[in-house]
Structures are given as C-alpha cells and as structure tokens.
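Peer 1: Quick one: the structure is below, questions incoming.
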Ligand SMILES: Cc1ncc(COP(=O)(O)O)c(C=O)c1O
Ligand SMILES: Cc1ncc(COP(=O)(O)O)c(C=O)c1O
Ligand code: FES
Ligand code: FES
C-alpha cells in the first residue's frame with residue numbers, strides 16, 4: 001500500500017488508538033442502557049458522567065450544561081431552532097455571518113422560511129467578522145447571534161470575545177459553532193460570554209457520530225429531538241455510550257497536548273505557507289495571516305481548478321480538500337471564498353491543507369514538491385494561463 | 001465478578017464481537033470523510049453503500065430509500081415532523097396510538113402545539129390496535145398514520161398489514177416505528193404498504209448511536225437536520241462510518257439467524273411464562289398471548305412495586321426492567337400498561353423480561369426461582385397484601 | 001443510583017411487620033406514584049415513649065429504605081421527639097436520595113404523623129404541631145432543572 005499523507009484534518013481525523021481502546025469495553029462488556037436501574041449499567045452511567053465532567057472542565061462550565069448530541073450539525077440545528085422557538089415572543093431576528101458552516105447557514109435559511117429574519121454579516125478579505133457591523137445589525141427584536149469560533153475552510157479565528165460582549169450588553173443569546181476550534185484553541189465560556197457552543201468529536205481525533213451542545217444554565221431551550229427522558233429531558237434517544245466515552249477520552253488527550261501540538265502545527269503550517277508562497281507564483285493565501293487555526297492553510301492557485309488539483313494530489317498520495325468536504329456534493333465555489341471577495345474563477349482554484357498530530361516536516365516538504373509539479377502541469381493545460389502568459393508577453397514586448 | 005443474567009434486551013443489546021471487529025478498521029485506518037474526493041475515503045463510501053444494500057435487501061426496498069440516522073428516536077422525529085411539514089397543505093390530522101414509544105408520542109404532542117390534530121387510538125386488553133377504530137378515525141384531512149410494528153413494553157405485534165391497507169386505500173402516508181421488530185420479525189415494506197420505517201441498530205446487537213429511516217421513493221419529505229449535502233441532501237452531518245458499518249454487519253448476522261433465533265427464544269419465553277403463571281399466584285401476563293415478540297415476557301405481580309422488584313432481582317444478578325428503560329426517569333406508571341386497562345397499582349408492579357441470543361434455559365430457571373422468592377418477600381412487606389389476606393380470611397370465616 | 005446506606009436498608013429493612021393491637025396505625029399513599037406505606041406504633045401511655053414501631057411499604061427502593069430508617073429513628077423516642085423526625089432528617093441519615101426520589105421520603109414522615117394522629121384521636125389528646133394527615137401526599141413538581 002502506498003503511503004498516504006493525510007492533510008484533511010478539518011474534514012475529519014484519525015481516531016487515536018487510545019480512544020478506540022477506551023471505547024471497546026462499552027460495546028461488548030458494559031453494554032447496558034444508562035437509563036436502567038440495575039447495577040450492570042453503572043459503568044455506563046459513570047463513564048458518561050466522566051465525559052461530562054471532562055468537557056465541563058475544558059470550558060469552565062458545569063456538568064449539567066453539557067448535552068450530548070450526535071455531532072456538530074445536530075448541535076448547530078438544535079441551538080438555532082430551539083433558541084428561535086424559545087424566544088420568538090421576544091423577537092424574530094437572528095444575526096449570523098456569511099461564512100458559517102452549512103449546518104448554521106441552511107438552518108438559518110430554514111428559519112427564514114418559518115418567518116424569522118436572518119442577517120448574514122459580511123467579513124473582510126481575511127474572513128474576519130466586523131464587530132462594528134454586528135453592532136449596527138443589532139435590533140430590539142434580535143434574539144440570537146451565532147458566529148463560528150473559527151472558520152472550517154480558511155481557518156480564520158473570529159473575535160469571539162468582542163462579539164460575546166456585544167451580545168451580553170444587549171441581552172442577546174450568543175451561540176458559537178466551535179466545531180473547528182474546540183480542543184484546538186483554549187475556550188472559556190464565561191470569559192467569552194458564550195451561551196451555547198457546538199462541538200464534534202471527530203474533529204479532534206475522537207469518533208464520528210458524537211458531539212455536544214453546551215447550553216448555559218437558565219436558558220429556556222427545549223428539546224429538538226423528542227422522546228425519552230435522556231439528557232435531563234432535553235435530548236431523547238438511547239445514549240451512544242461508546243461514542244461518549246470516546247469523546248471524553250479524545251478531549252482529555254487533546255487538552256493534554258494542545259499547547260505542544262499547536263506549537264508544532266504552527267511551525268509546520270508556517271513552513272508550508274512560506275514555501276508555497278515563495279516557490280509557486282500566482283498564489284494567494286486565504287484567511288487571516290496570523291489569527292488562524294494552527295493546522296489550517298488555504299491557498300488559491302490562479303488559472304487552475306480545484307478538483308483537478310485534488311485528484312492529482314490524490315495520485316501522489318496526498319489528501320487535501322477544496323472548500324468544505326461536506327459540501328463537495330455541490331459544484332458552486334465555496335461561499336466562504338466568495339464572501340472574502342475572491343472572484344469565481346479564483347475561488348475555484350483553491351486548496352485547503354489541514355494538518356494533524358501525525359503530520360511531519362517530511363510530509364510537508366513532499367507535499368510542496370508535488371504541489372509545484374502539479375500546479376505547473378495543470379497550468380500548462382489551462383487556457384486561462386495561456387491567455388495570461390500571452391497578454392503578459394505582449395505587455396513585456398511593448 | 002458475579003454472573004449477570006441480562007434479560008433487558010428490549011432496552012439494548014450486547015454488540016456482537018463480529019460487529020465490533022467489522023467496525024474497528026473504520027476508526028483508525030479507513031477514517032476518511034466519505035464526502036471527500038480522494039481515494040483514501042473510497043473504503044468508507046463502499047462500506048456505507050454495502051450497509052445500504054443489506055438494509056434495502058432486508059426490507060424489499062431500494063438503496064436510495066434508506067437514510068442513516070443516529071437512532072430510532074431521530075428516525076421517529078424526522079418521519080413525523082417532516083411528514084407533517086410536507087403535507088400540511090393537504091391537512092393537519094395525524095393518527096397514532098396510545099401505546100407508541102415516547103419518541104412518537106412526545107413528537108405527536110409537540111406537533112399538537114404547532115397546530116396539528118393528533119388522534120391517539122386506544123388498544124384492547126392485549127395491546128392490539130383496532131383496525132375498525134382506525135377506519136373510523138380517518139378523515140379527509142388525515143395526512144399520516146403512525147403505528148408501531150411491535151410494542152417495546154408488552155411485545156404485542158400490531159396488525160401492520162391491515163393498517164397499511166387502510167392507509168393505502170385512503171392515500172394516507174403510513175409510518176411504522178419498527179425499532180423493536182426490525183431484524184426480529186420479517187418485514188417487507190411493499191407487501192405491508194409501509195411508506196416510512198424507523199429502526200435502531202442497538203436493538204439487534206449492533207452499536208448504539210446509529211439507525212435508519214426508510215422513506216419510500218417519491219415522498220416529498222425534507223430534511224430534519226439541516227447542513228451539508230450528506231444522504232442525498234436529506235440528512236446533514238458527517239456520517240458515523242464505523243457505526244454504519246456496524247449496523248450493516250448486525251443486520252446481516254441477525255437476518256441469517258433470525259428464524260432459528262426466534263424459534264429458540266419462543267421456546268424459552270414460553271417456558272418462562274408457563275412457570276411464572278403456574279408457580280406464582282396473583283400474576284397477570286401483559287401483551288398478546290401469541291401475537292407477540294418472541295423475546296418478550298411482561299408480567300404484573302399484584303401487591304408489589306416494580307422498582308423494588310428490579311432492585312432485588314439486580315441483587316440476584318438479574319437485569320430486568322419495569323416499563324420502558326427510556327422513561328425510567330419518570331415515576332408515572334407506564335402509559336402502555338394504563339392503555340391496556342391496568343389499574344395504577346397493578347401497572348406499578350410490572351416486570352419486563354426480554355431475552356437475547358445468549359439466554360439459556362438455566363438462566364430462565366434461575367430467574368423464575370429468584371422471582372418466586374423475591375415476590376414472596378416483597379409481598380410480606382406490602383400493606384396491600386396484608387389487607388388482601390385479611391379480607392380474604394374474613395370472607396373465609398364468614 | 002442509591003447510596004450504600006439506602007441499599008443496606010433496602011436489603012435488610014429494619015422493623016418490617018405488624019403490631020397486634022397497636023396504639024396507633026397510619027396508612028398514607030403518594031398520589032404522585034401510587035405507592036402506599038403503613039406504620040404501626042406501640043406507645044407507652046404514661047411516658048409517651050414509642051416502645052416499638054413497625055412498617056409495611058408498597059413502594060420503590062427509596063420508599064422502603066426511608067420507612068426502615070424512619071422506624072429506627074422514632075423507636076425509643078417520645079412522641080414530641082418523634083415529631084422532629086422529618087423527611088429531611090431521614091434523608092440525611094441515609095446519605096441522601098436522588099432528586100427524583102425526594103418525594104418518597106415524605107411518605108415516611110407522613111405515615112408516622114398519621115399513626116400519631118390515630119393515637120391522639122384514640123386517646124383524645126392533642127400533639128403539638130401535628131395536623132390531620134392528608135390521604136394523598138404530593139409535592140410540587142420539581143421543574144426541570146435548566
Ligand atoms: C465549522 C463546522 N461546523 C459544523 C460542522 C458539522 O459537524 P458534523 O459533520 O460533525 O456534524 C463542521 C464539520 O463538518 C464544521 O467544520
Ligand atoms: C419502539 C421504540 N421506538 C423508539 C425507540 C428509540 O430508539 P433509540 O433509543 O435507539 O433512539 C425505542 C427504544 O428505546 C423503542 O423501543
Ligand atoms: S466542468 Fe466539471 S465541475 Fe465544472
Ligand atoms: S417512587 Fe413512589 S415512593 Fe418512591
């Protein structure tokens with residue numbers, strides 16, 4: 001088998017072997033239903049309580065503010081729909097941004113159909129939401145602000161603290177989609193005035209199919225999924241105990257190595273960015289130059305198309321992505337890249353490389369070498385490049 | 001460690017070791033995001049396609065009618081809410097039963113708050129829904145009939161074929177919550193005129209946190225969870241690939257041994273019922289005497305309370321349940337037992353024992369022996385039994 | 001779910017049974033969950049000392065354990081002292097109960113009060129602080145803790 005260099009850690013990550021190890025007993029040994037009375041299910045209840053404690057600790061929250069979900073998408077849907085429902089009598093205006101993940105954007109659009117009004121804040125060329133624009137958008141009937149902690153495509157980290165302060169000042173609920181940031185960046189919900197926060201285990205070497213929504217105590221949010229009395233009557237359905245155990249273990253391991261890992265990733269990422277920017281012509285770095293996730297690099301290569309690039313990288317054993325993996329069902333250029341002002345044809349030629357804990361300097365160097373070759377090759381096939389070269393020659397000759 | 005006799009297989013089941021085995025590579029080896037372009041995620045896509053094929057085959061459906069969810073509760077919520085939304089212009093009347101799982105009942109109540117009208121059909125003393133009552137309940141504005149395939153507490157199997165025929169005749173959508181029946185009873189969606197069907201892997205020795213909703217082709221049902229383009233744009237969120245692989249394996253294994261397993265379980269169950277009914281006085285069998293799930297036995301012991309019974313069984317190493325595990329957060333007697341006409345105090349003294357593929361005749365005999373001892377002990381502490389004995393003595397002395 | 005103390009009292013309940021010709025008998029039911037408890041008291045008419053106390057309970061683990069503990073706590077006490085045995089005191093003695101089970105401990109308190117009331121009626125005396133027992137006990141629904 002050929003070696004694979006996996007640089008798509010924003011799409012999903014490898015589950016750490018220790019996490020799988022921790023989950024295993026809960027499939028065949030401690031398989032009880034946590035809602036049961038008998039002692040046989042005690043290990044399940046304890047394990048769930050432990051994960052809740054670990055997560056609460058990681059956010060400066062308390063255990064009964066953590067609600068397990070089946071992932072980030074469900075958490076986002078729940079936060080937006082339940083907040084809209086709960087506070088409809090106060091108002092029907094919601095503020096979010098143009099660069100949210102589809103889990104928030106499409107939920108916003110759904111709420112618009114139900115009669116809510118949604119403001120999608122623009123961002124600057126680095127993908128940063130303007131706090132001033134937010135302040136101007138606030139209205140007396142605004143009930144919810146939802147701004148992602150860090151963007152999944154371009155890695156920009158948003159000014160969450162300032163946004164939280166605006167929300168607090170106006171008594172508006174503040175939700176943040178922290179799916180890309182949780183366990184990658186330190187987060188304290190009180191310091192940042194966060195009322196709700198979504199996270200997903202598979203983005204930090206935990207299992208797929210489990211995540212959580214933090215809901216600040218006192219919020220009158222109802223269920224999104226109705227049924228049994230699980231999760232203090234707020235999230236029905238038999239709990240995914242092995243998944244929840246894996247989530248807890250992944251949080252513990254990630255937190256323990258977060259600082260070190262960030263340092264290592266930043267170094268590798270900066271090396272990657274430096275080499276690409278200096279060795280490949282006609283390329284743009286997308287996202288904020290410094291205020292970005294330590295594992296994210298996003299480039300636009302002029303004159304070439306992203307999918308072709310991905311396929312050729314794949315042939316070289318490199319996994320990258322063009323826009324968000326979740327949306328690759330669609331052919332439109334990424335809404336995030338359009339929001340930062342890229343013209344369509346440049347947005348199409350973008351590549352996201354996201355590092356993980358296993359990425360090495362050799363991987364990065366190999367990737368850049370291949371990238372140079374592939375970009376050159378694709379450009380040699382591109383009519384856009386041909387036009388460009390010809391018009392440049394013309395200018396030079398004049 | 002003391003031996004545990006697990007007789008709560010309706011609450012959840014042990015994951016089969018072969019199922020765990022099948023899942024393992026998808027945590028640490030084939031961990032790609034199925035939405036990705038690169039070859040690295042091909043095994044994930046193939047594995048998901050395989051599960052879809054297996055499930056479609058098991059129901060006589062086609063692959064693009066199977067939508068993965070995170071369990072039975074989500075499938076039920078989706079089916080009811082999306083059908084209500086999609087067909088609201090035709091009418092706002094829904095028919096279901098009084099003995100549904102809370103995943104359906106509470107969703108029905110939620111829809112009532114949104115302005116829908118829900119008829120909850122009564123059942124007879126064996127828990128069977130009357131098809132005549134259903135026919136009378138149908139109105140021109142009825143858009144959905146939701147009747148469970150088999151009840152989770154008392155095991156009664158409902159007359160699904162007749163109900164499907166009524167639905168078909170009137171052009172009404174028919175959803176069945178088959179969480180307890182799927183992989184335990186043969187089901188063909190065409191023969192039974194089923195339009196939507198919910199199932200959950202952990203009820204047939206698959207993993208928790210994964211299930212599916214079958215949606216007949218052509219139904220205009222929308223998303224319930226909004227976001228990325230997964231599941232043909234109908235169910236957003238990164239797919240729980242290991243869970244889906246486990247689901248597929250569990251279906252394959254269960255189907256292969258279904259007939260044999262049913263035969264074995266029926267024999268054990270009948271032995272259990274026979275011994276309890278003949279050796280313990282003042283006991284009632286709940287549910288239909290023959291038209292019931294092969295693994296379900298449900299008794300009401302007069303003069304004693306269910307939780308005490310469960311705790312004492314637990315001390316003897318036996319796991320049973322009183323009412324549905326999911327609802328044990330509540331103190332009310334089970335709505336199912338009230339619906340079949342039991343008075344409160346008798347409903348309180350009920351015990352559900354549900355067998356699994358590992359249950360042996362020795363387990364059953366040991367359980368009955370313990371049960372006799374415990375029932376006697378609890379009755380000796382019961383003021384109700386005291387009153388009963390005294391009034392009986394009085395009558396005898398007269 | 002339950003503390004070791006609760007489990008001990010459940011597994012080995014103290015004072016289960018009846019008292020023939022008891023000085024006072026009280027039976028109460030809990031409307032919320034349909035459970036029933038009966039307390040028998042044997043009281044010294046001269047000293048008002050509770051010489052013996054027995055119970056029978058149709059109820060959950062918490063109901064059985066609180067009955068057992070409550071009978072232990074009132075035995076050997078005077079009527080006045082027994083009035084101080086509140087459901088809170090019983091719960092504390094059991095190292096606490098799960099929140100959904102707090103109401104079960106009310107059964108024990110009310111059953112003792114009902115038995116004392118029966119005694120007071122039979123002897124035509126008044127007991128300080130004792131009110132006519134309710135036939136149904138229930139407390140306000142604890143709201144979901146958000
Ligand atoms: C920012 C962001 N929000 C939400 C999600 C959705 O999470 P999940 O796919 O785990 O449901 C993702 C990842 O796909 C994401 O990157
Ligand atoms: C009949 C029935 N429907 C729905 C459910 C809910 O399934 P899950 O807990 O897997 O979401 C269950 C089991 O708890 C059930 O027995
Ligand atoms: S030419 Fe194939 S996606 Fe545009
Ligand atoms: S639940 Fe009824 S007394 Fe405890």
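The values are calculated or read from the model by the stated rules, or taken from the named source; none is laboratory data. Bear in mind that the values here come from a model prediction, so they are computed numbers and not experimental data. Cβ placement follows ideal geometry from the backbone for every residue including glycine, while neighbour counts extend to all protein chains displayed.
Peer 1: Of all residues being in contact with a strand residue (DSSP E or B) (Cβ under 7 Å, 6 or more places away or on another chain) and outside any strand (DSSP E or B) in the stretch C:48-64, which is farthest from ligand 2 (Cβ to nearest atom)? Just the residue, please.
Peer 2: C:48
Peer 1: With the condition kept exactly as written, say whether any residue in the stretch A:371-392 is out of contact with any strand residue (DSSP E or B) (no Cβ under 6 Å at 6 or more places or on another chain) and under 30 Å from residue A:259 (Cβ atoms). Break it down into steps so the answer makes sense when it comes.
Peer 2: Residues of the stretch A:371-392 out of contact with any strand residue (DSSP E or B) (no Cβ under 6 Å at 6 or more places or on another chain): A:371-374, A:376-392.
Now narrow it down to the ones that are under 30 Å from residue A:259 (Cβ atoms): A:371.
Yes: the stretch A:371-392 contains one or more residues that are out of contact with any strand residue (DSSP E or B) (no Cβ under 6 Å at 6 or more places or on another chain) and under 30 Å from residue A:259 (Cβ atoms).
Peer 1: Something else about it: Tell me yes or no: at least one residue of the stretch A:129-140 is touching a residue at least 24 places away in the same chain (Cβ under 8 Å), in the same structural domain as residue A:224 (by TED's automatic domain parsing) and within 16 Å of ligand 1 (Cβ to nearest atom). Explain how you work it out, then say what you get.
Peer 2: In the first step, residues of the stretch A:129-140 are kept if they are touching a residue at least 24 places away in the same chain (Cβ under 8 Å); the result is A:129, A:131, A:134-135, A:137-140.
Those left that are additionally in the same structural domain as residue A:224 (by TED's automatic domain parsing): A:129, A:131, A:134-135, A:137-140.
Now drop any that are not within 16 Å of ligand 1 (Cβ to nearest atom), which leaves A:129.
Yes, there is a match, as at least one residue in the stretch A:129-140 is touching a residue at least 24 places away in the same chain (Cβ under 8 Å), in the same structural domain as residue A:224 (by TED's automatic domain parsing) and within 16 Å of ligand 1 (Cβ to nearest atom).
Peer 1: Kindly list, by first and then second residue, each pair from a residue in the stretch A:72-91 that is without any contact (Cβ under 8 Å) to a residue 24 or more places away in the chain to a residue that is part of a loop (DSSP other than H, G, I, E, B), limited to pairs with Cβ atoms under 7 Å and residues at least 6 apart or on different chains.
Peer 2: Pairs that qualify, where the first residue is without any contact (Cβ under 8 Å) to a residue 24 or more places away in the chain and the partner is part of a loop (DSSP other than H, G, I, E, B): there are none.
Peer 1: Let me ask something else. Please find, within the stretch A:25-44, the residue that is surrounded by the most Cβ atoms within 10 Å (Cβ to Cβ) out of those that are assigned to a helix (DSSP H, G or I) and at the interface with chain B (Cβ under 7 Å from one of its Cβ atoms).
Peer 2: Let us first name the residues in the stretch A:25-44 that are assigned to a helix (DSSP H, G or I), namely A:25-28, A:39-44.
Subset that is at the interface with chain B (Cβ under 7 Å from one of its Cβ atoms): A:27-28, A:39-40.
Details: A:27: 22, A:28: 15, A:39: 17, A:40: 20.
Ranking the candidates gives A:27 first.
Conditions tested, residue by residue: (1) more than 16 Å from the chain's Cα centre (by Cα); (2) facing chain B (nearest Cβ under 10 Å).
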| site | (1), (2) |
| --- | --- |
| C:9 | no, no |
| C:29 | no, yes |
| C:36 | no, yes |
| C:41 | no, no |
| C:47 | yes, no |
| C:50 | no, no |
| C:59 | no, yes |
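Peer 1: Only one of (1) touching a strand residue (DSSP E or B) at 6+ places or on another chain (Cβ under 8 Å); (2) at the interface with another protein chain (Cβ under 8 Å from one of its Cβ atoms); (3) modelled with pLDDT of 95 or more; (4) surrounded by 24 or more Cβ atoms within 10 Å (Cβ to Cβ) is not met by residue A:55, so which one is it?
Peer 2: (2)
Peer 1: Next question. Just one of (1) out of contact with any strand residue (DSSP E or B) (no Cβ under 6 Å at 6 or more places or on another chain); (2) buried (at least 24 other Cβ atoms within 10 Å of the Cβ) trips up residue A:256, so point out which.
Peer 2: If we test residue A:256 against (1) out of contact with any strand residue (DSSP E or B) (no Cβ under 6 Å at 6 or more places or on another chain); (2) buried (at least 24 other Cβ atoms within 10 Å of the Cβ), just (2) comes out false.
Peer 1: So, residue C:83, is that one touching a helix residue (DSSP H, G or I) at 6+ places or on another chain (Cβ under 8 Å) and buried (at least 19 other Cβ atoms within 10 Å of the Cβ) or not? Let's see the steps before the verdict.
Peer 2: On the way: touching a helix residue (DSSP H, G or I) at 6+ places or on another chain (Cβ under 8 Å): yes; buried (at least 19 other Cβ atoms within 10 Å of the Cβ): no.
When the stated conditions are applied, residue C:83 does not pass them.
Peer 1: Could you look through the stretch A:1-12, keep only residues that are in a loop (DSSP other than H, G, I, E, B) and more than 7 Å from chain B (Cβ to nearest Cβ), and pick out the one that is farthest from residue A:351 (Cα to Cα)?
Peer 2: Restricting attention to the stretch A:1-12, the residues satisfying the condition of being in a loop (DSSP other than H, G, I, E, B) are A:1-4, A:7, A:9-12.
Among the residues that remain, those that are also more than 7 Å from chain B (Cβ to nearest Cβ) are: A:1-3, A:7, A:9-10.
Working: A:1: 25, A:2: 22, A:3: 21, A:7: 11, A:9: 13, A:10: 12 Å.
Restricting to residues being in a loop (DSSP other than H, G, I, E, B) and more than 7 Å from chain B (Cβ to nearest Cβ), the top hit is A:1.
Peer 1: Given the criterion at pLDDT 95 or above, away from ligand 2 (no atom under 16 Å from the Cβ) and more than 27 Å from residue B:85 (Cβ to Cβ), identify the matching residue among B:217, B:249.
Peer 2: Values: B:217 fails: more than 27 Å from residue B:85 (Cβ to Cβ).
On inspection, the qualifying residue turns out to be B:249.
Peer 1: Of all residues in the stretch A:177-186, which are more than 12 Å from chain B (Cβ to nearest Cβ), touching a strand residue (DSSP E or B) at 6+ places or on another chain (Cβ under 9 Å) and outside any strand (DSSP E or B)?
Peer 2: Filtering the stretch A:177-186 for residues more than 12 Å from chain B (Cβ to nearest Cβ) gives A:178, A:180-186.
Going one step further and asking which of them are touching a strand residue (DSSP E or B) at 6+ places or on another chain (Cβ under 9 Å), we end up with A:178, A:180-185.
A:178, A:180, A:181, A:183, A:184 - these are the residues of the stretch A:177-186 that are more than 12 Å from chain B (Cβ to nearest Cβ), touching a strand residue (DSSP E or B) at 6+ places or on another chain (Cβ under 9 Å) and outside any strand (DSSP E or B).
Peer 1: If you check residue B:61 against the conditions, is it under 20 Å from the mean Cα position of the chain (by Cα) and either within 14 Å of chain A (Cβ to nearest Cβ) or more than 16 Å from ligand 3 (Cβ to nearest atom) (or both)? Walk me through it before giving the result.
Peer 2: Details: under 20 Å from the mean Cα position of the chain (by Cα): no; either within 14 Å of chain A (Cβ to nearest Cβ) or more than 16 Å from ligand 3 (Cβ to nearest atom) (or both): yes.
No; evaluated as a whole, the condition is false for this residue.
Peer 1: Considering only the stretch B:187-229, state which residues are surrounded by 23 or more Cβ atoms within 10 Å (Cβ to Cβ), at the interface with chain A (Cβ under 10 Å from one of its Cβ atoms) and within 25 Å of residue A:103 (Cα to Cα).
Peer 2: Hits for the stretch B:187-229 are B:200, B:208, B:209, B:210, B:211, B:224, B:225, B:226, B:227, B:228.
Okay, residues lined up against (1) without any contact (Cβ under 8 Å) to a residue 40 or more places away in the chain; (2) within 16 Å of ligand 4 (Cβ to nearest atom); (3) buried (at least 23 other Cβ atoms within 10 Å of the Cβ):
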site	(1), (2), (3)
C:24	no, no, yes
C:27	no, yes, no
C:44	yes, no, no
C:58	yes, yes, yes
C:62	no, yes, yes
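For (1) more than 14 Å from chain B (Cβ to nearest Cβ); (2) more than 16 Å from ligand 2 (Cβ to nearest atom); (3) outside any helix (DSSP H, G or I); (4) free of Cβ contacts under 8 Å to residues at least 60 places away in the same chain, each residue gets a yes or a no:
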{"residue": "A:145", "(1), (2), (3), (4)": "yes, yes, yes, yes"}
{"residue": "A:162", "(1), (2), (3), (4)": "yes, yes, no, yes"}
{"residue": "A:168", "(1), (2), (3), (4)": "yes, yes, no, yes"}
{"residue": "A:175", "(1), (2), (3), (4)": "yes, yes, yes, no"}
